[in-house]
Structures are given as C-alpha cells and as structure tokens.
1. Residues with amide H under 5 Å of residue 324's amide H, sequence separation 5 or more or different chain, H placed in the peptide plane at 1.01 Å from N; which?
2. Grab the DSSP H runs of the chain that are 4 residues or longer, score each as -39,500 (n - 2.57), total them, divide by all residues and round the 222 nm result to the nearest 500 deg cm²/dmol.
3. What is the antiparallel percent of DSSP beta bridges lying wholly in segment 229-414, to the nearest 5?
4. With a 1.4 Å probe and all protein chains in place, put 456, 146 in order of accessible area, largest first.
5. By what distance, in whole Å, do the Cα atoms of segment 229-414 stretch along each of the three principal axes, largest value first?
6. Between the helical axis of 17-34 and the dominant principal axis of the chain, each derived from Cα atoms, what acute angle in degrees is found, rounded to the nearest 10?
7. Taking the Cα atoms of segment 318-456 alone, what are Rg (to one decimal) and Dmax (as a whole number) in Å?
8. Match the structure shown to one of the listed values [x] 79, 52, 39; [y] 72, 62, 51; [z] 68, 52, 48 of Cα extents along the principal axes in Å, computed from it, and give that label.
Amino acid sequence: FKMCLGRVICKLLCSGEKEVDLAVQSAKAAFKIWSQMSGMERSRVLLEAARIIREQRDEIATLETINNGKSIFEARVDIDISWQCLEYYAGLAGSLAGEHIQLPGGSFGYTRREPLGVCAGIGAWNYPFQTACWKCAPALACGNAMVFKPSPFTPITVVRLAEIFTEAGVPKGLFNVVQGGAATGQLLCHHPDVAKISFTGSVPTGSKIMEMAAKGIKPVTLELGGKSPLIIFSDCDMENAINGALMANFLTQGEVCCNGTRVFVERKILDVFTKEVVKRTQKIKIGDPLLEDTRMGALINQPHLNRVQGFIKQAKEQGAEVLCGGDLYVPDDPKLKNGYYMRPCVLGKCKDDMTCVKEEIFGPVMSILPFDTEEEVLERANNTKFGLAGGVFTRDIQKAHRVVAALKAGMCFINNYNVSPVELPFGGYKASGFGRENGRAAIEHYTQLKTVCVEMGNVESVF
C-alpha cells in the first residue's frame, strides 16, 4: 500500500476465498448474538464506539490523511461526521418497531422489523472511514453484522474502526474487514451467506455488483458517480455563491462523487463571478496534507492523476479555456517531491457537449457554463445520465424551491453545497444509483418486514 506521496506505508495481503468465507462465518456467528439483543443494548455499544472515535478524533484523522491524502483539516470533519453517524443510529436503535393492525372479530395482525443477516459493505477511497461508518452504523443498529471491504488504495483506517468496535463491546466478528480489489469484492458478493450488498464507487463497478447480486436475489444499495449541476443566479449573494462553488469542486482534491462540477452561471454575472472564482482558486494552499494551513493535499495515485490531467488536455483540444491551474504541482519540501499533486483548475468557454462537461473527472476541475433563463438552465442541468446532486444559489426563495423541485437529483442544496448531515438521507437518481445512506431512510435498507396474521376465532373453511 502506497500513500499519496509515493512512499510505501505497509504491505497487506489480499483476502482470498478462504479469508472471505472465514470473515462471513465469523460475522454470521456474531449476528446470532447481536440480533437477539434489544435495540437499547445495541444502542449502548454503538454509543461507546462513537465515544472512542470522538476521543481519538485527531489520531484517526491523521491516519486518514496518510491513508487518503486529504488535508488534516478535512479529515477531522470526516471523523466528526463518522462518530455523529454512530450516535444518530444508536439513538434510533431502541425505537425500531413494527405495527399492530386490528382485524374483524378480535383477530389482529402485526409486523416485525427484522435484520437481514450478514451485510457486505464495499467502500470508496475518497472517504474511507466515513463511508464505512455510513454503512455499518444503520446496519448494526438494525441488528445485522457486516463484512467490509475498503478500497485497496485506502485500506488502513477501516481496520482501526474494527478495533474500536471490539473495544466498544460488539460480539467478536460482528464487524469484519477483508482486504483486496475486485476479486475479493466478487467473492463477497457471490457468498451465499451474504444477505445484502452496499456499494459506494463508480457506475461500471456498481453495474457489475448489481449483476452479481441479481444471481443471489440480494438487495443492493448503490451510491455511484455524479456530474452534478450548480446553478448560480444573478440575484445570489455573490460571496456565498463563490464559497459554494469552491466547496462544490475542491473538497478532497475534487475527488467527491456529489461535487457540483458543472457550474451554470447567469450570463449577466458571468465575468464578475468567473474572475473572483479564479482569484480564490489560485490562493488555495496546496502541500503537505498534515500541515494545519494546507487546504488541498495530493490525489490518490499516479494513474488517477494522469486520468485527471488527460481530461484537462482533452478539454483544451475541444475548445475550453484553462483559466487557472490544471498543471502538476511540485512542493518545495523534498519529502513531498513524489506526491501526486496538481493545481486546482477552472475551465471557461465550456459547452454542454464537451467531455469535461459530460463525464465525471473526479479531480479538482471546475467547468463554468453561462445560461440565460431558468427554463433553459433546468433543461441543460437535467440533460445527464447522472442524478446524484444539484445546487442553486439565489436570494429568491420561491425560485430556489421551484428549481430544486425540477432537478432530477437525489441530494439538492439551496445556498450551500456538500453539506452532509447524518440526519438527512443521501443518494442518487438515474445512473447515480439507488437506496439511501443516512437518515431514517437507511433503516429500510437494513431490515425486512415480517407480517404475522393472528386468528382469534375458528378458521372458516371453504372445503
């Protein structure tokens, strides 16, 4: 395993068929114990895990920065969201319930909300610890066990999460970690004792996981890519809109699935907005992600850096103008010279049919597009195979609600962007996937409903 600065941190063995089976069997044994506990008992264990994460926040954040390359400032936010997620589902665990239905003649029915069993979680490399918590918190709160496979590019912090759950008192094996790439993921998806798969990652991999799950009739949650629109109207608070555009494009080196990378700007403010965004983008402090004042670290690995650079080259060839950045960045510190750094990029003169506007780049590249009317921008914003997120900046609150109602996207932002409170469901429309992480909605994905019909009289036979 290489960190984003090009140095080997540790070596990990990929989990093969034997290891995956051991992990699933261990989780299956733990599930028998955990699923029989009351919601309140599970809640106490999850709260203890949240407390440990909160207390070790800085240490885990440092590990995450080494794991992923994002700034320590951002990594701390990720860890805070992680323990908040565990706290939130700990709070719901004791309230999970079915319902009682009165039937004629004193008969009645009731429903039981039951856990699924062993769930498989497959995580992405951009938010390794946070993604694991988003998946395991609702799964465990509902009484399930989980076997989690982190990305092979960021294998470290999820192991720490497994240790924390053990310290918090979960039954041994309830949260298991397997390491590896696609082959390990396939073993997990095909395993007969895995009841559900939750995946965060790319559309092509999501499609393959859906195929594998179909063979075993397993439910899936897919949180996939995006090419989200950010619509800036001329009546916006300009300073706020500029902050929003930067947040929508440059968090975690632009490696965020819900980023608002198609920035539609009303023509009458295009020049002022663009000039200010470029000025602010050029001031973003790039460098050692472990330094407090760094705001942008290194990209995940060399192939990904090359891919992002390829998109910028293609954008230029197709007529886009590089207004700033896009080139490689070499920090002064010799320790960082092999890091996968690039300067954040803003592209002007973009058109809807350009590759940089249609395809997910997953790097620090913002495309600015002018528009004239609300009707026109909505049609263009929705003209994409993706539907993960969308944002609007305007002082007209009626227009704001009208626009988000018309956006075909699962997560919409008004006068903010990339805010992810654990209380709110998160997920996409169209090729961006289905199912939801976070909020009460996730409970539906980690439980199954059993209906019980009770006859209080005698059975009336038709025979």
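The values are calculated or read from the model by the stated rules, or taken from the named source; none is laboratory data. Treat the numbers as computed from the prediction; the structure is a model and nothing was measured. Note: ideal-geometry Cβ built from the backbone for every residue, glycine included; neighbour counts use all protein chains shown. Remember, those area values only see protein heavy atoms, side chains included, never the ligands or the DNA or RNA. Shrake-Rupley method; radii C 1.70, N 1.55, O 1.52, S 1.80 Å.
1. Sorted by chain and number, the residues that satisfy this are 346.
2. On the way: 15 runs with 187 residues, N = 463.
Mean residue ellipticity, 222 nm, calculated: -12500 deg cm²/dmol.
3. Numbers: 4 of 24 bridges.
Rounded to the nearest five, the antiparallel share is 15 percent.
4. On the way: 456 115, 146 0 Å².
Ranked list, largest accessible area first: 456, 146.
5. The Cα atoms of segment 229-414 stretch 53, 33, 30 Å along the principal axes, largest first.
6. 60 degrees
7. Reported Rg and Dmax, both Å: 20.8, 81.
8. Correct label, based on the coordinates given: [x].
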